[in-house]
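Please read the structure below before turning to the comments.
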Amino acid sequence: MWFFRSPEIVFGQDALDYLAEIQGNKAFIVTDENIVALGFVEEVQARLAKAGIETAVFAEVEPNPSMETVQRGAEAVKAYEPDWLVGLGGGSSIDAAKSIWILYERPDLAPDEVAPVGTLGLRQKARLIAIPTTSGTGAETTWPFLLTDKAERRKISLGHPENIPDIAIVDPIFVERLPAQIAADTGMDALTHAVEGYTSQWRNDFTDGLCLKAIQLVFDYLPRACKNGSDDPEARERMHNAATIAGLGFGNSMAAMAHGLGHALGALFPVPHGRAVGLFLPYTIEFTVRGDLPTRYAELAHFLGLPAADEAEGAASLAQAIRDLARRIGQPTLLQEAGISHEELEAQLPKLIGNALNDSAMILGLRFPEEEAVEKICRYAFEGRSVDF
């Protein structure tokens, strides 16, 4: 028995205006200082005010939010007692909102005690609205979230199916002027979600079409979105949709090895999440196709019009196409290009390997790597060598 979970999704021009129709009394907005400075919080508050909803703002979310941050947010939300939480921003703000919401509803839990088992009993006090301001994470449609354990220097994947947002508002107004670098980073995240969602062990009929559509949108519109910026509102809007569609796809089939490695890398080096997972994606494709289980890389290559006479050729074509796309939008394809020196990699490699092998995403790929294989993949990714083992 399987489940397909999705929030109510409001998308397209003027989607934000839906907030004026929300029924409630008080909303607690979880975001970061940059989103406040851009005026996005004011846009949300103005529409909630039309609905007669008072607001409070918690703007302390940092990239890769820590458990300490969500604990501070939980104390603030308990004092305010809202009936809505609003996660406004990139994946970090939405992830923080999910955690703060759980701690508000379940003060008996610690931030790292949330697991996808049993019943949480959410929605007794509040519901959750997610409003993405980047086009990549898909966090507005998913229930897992990431918190950083600063003491252990690792990212922890947490969550329960109950904490999927109730409403996702996908309005392109937030990404029309998104810097090209952020558009590129988050776009590679969306692509990785779609590719891994289509090829994970939990792939299914209900997610396949979503993942394929997201892949098509990314290849068609990401170069334009990065090159033309606000001069190409169509590309920006289609990429915003692609990220949400990819989130629906992989959120119901789960991510895999590129995410495990990307999470591990991002906890140790200042590499944005989308940049990290996108960098590792071609290497994990090359590794996975050499395993014992059948993969679907030839299907994806055929879908993109790439050479795919057999699975090996399809995987090679797909990996190369992803690297070519990354180069077109100024993304690194090897760890050296991501600003990591050989000395830094060697110093952190044992911790990186350990974190990766402890990441839940690793088990959903079609080939699970042993410690030696993770080490080799990291070294190959540093040098830019295609995986041949």
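Arranged from fewest to most other beta-carbon atoms within 10 Å of their beta carbon, LEU109, LEU48 become LEU109, LEU48.
Between GLU234 and GLN181, the FRET efficiency estimated from the beta carbon spacing at R0 = 25 angstrom works out to 0.75. For segment 156-244, chymotrypsin sites (Phe, Trp or Tyr not before Pro) meeting the loop criterion (DSSP other than H, G, I, E, B) and having at most 15 other Cβ atoms within 10 Å: TRP202.
Over what distance in Å are the Cα centres of segment 282-316 and segment 197-254 separated? So the separation of the two Cα centres works out to 19 Å.
Here is the size of segment 133-272 from its Cα atoms: Rg then Dmax, 14.8, 44 Å. Between PHE269 and TRP202, the FRET efficiency from the beta-carbon distance, with R0 = 25 Å, is close to 0.30.
Size descriptors for segment 181-383, from the alpha-carbon set: Rg then Dmax equal 15.8, 47 Å.
Quick one: net charge of ALA308's neighbours, Cβ under 11 Å, K/R +1, D/E -1? Numbers along the way, then the final one.
Numbers: positive: ARG296; negative: GLU299, ASP310, GLU311, GLU313.
Around ALA308, the surrounding residues sum to -3.
Calculation over all alpha carbon pairs of the chain in 20 angstrom steps from 0 returns a P(r) of 31, 59, 11, 0 percent. Distance from the alpha carbon centroid of segment 105-154 to that of segment 332-389 works out to 27 angstrom. Taking Cα centre as origin and charging only the Cβ of basic (Lys, Arg, +1) and acidic (Asp, Glu, -1) residues, the dipole magnitude of the chain rounds to 140 debye. The modelled label-to-label distance for the pair ASN25/ARG153, using points 7 Å beyond Cα in the direction of Cβ, is 4.7 nm. Against the chain, whose longest principal axis comes from its Cα atoms, helix 233-251 is set at around 80 degrees. Restricting attention to the chain, close to 20% of DSSP beta bridges with both partner residues there are antiparallel.
At 0.36 nm per residue, and after removing the present C-alpha to C-alpha distance, how many nm does the segment from ALA51 to ASP220 gain when stretched out fully? Spell out each step's value before the answer.
Values: separation 169, 0.36 × 169 = 60.84 nm, distance 3.81 nm.
Extending this stretch completely gives an extra 57.0 nm.
For the chain, the longest principal axis of the Cα atoms and the long axis of helix 180-199 meet at an angle of about 70 degrees.
Taking a point 7 Å from the Cα of ASN34 along the Cα-to-Cβ direction, the residues of segment 272-300 with backbone N closer than 19 Å to it are 272-279. Axis of helix 91-105 versus longest Cα principal axis of the chain: the two differ by about 50°, to the nearest ten degrees. Within segment 297-376, the GluC sites (Glu not before Pro) that combine a DSSP coil assignment with at most 12 other C-beta atoms in a 10 angstrom radius are GLU370.
Let me check I've understood the local charge: for TRP2, count other residues with C-beta under 15 angstrom from its C-beta, Lys and Arg +1, Asp and Glu -1. What total comes out?
The answer is 0.
Quick note: the coordinates plus some simple rules give every number you see, no bench work behind them. Treat the numbers as computed from the prediction; the structure is a model and nothing was measured. Cβ atoms come from the backbone with ideal geometry, glycine included; neighbour counts cover every protein chain shown.
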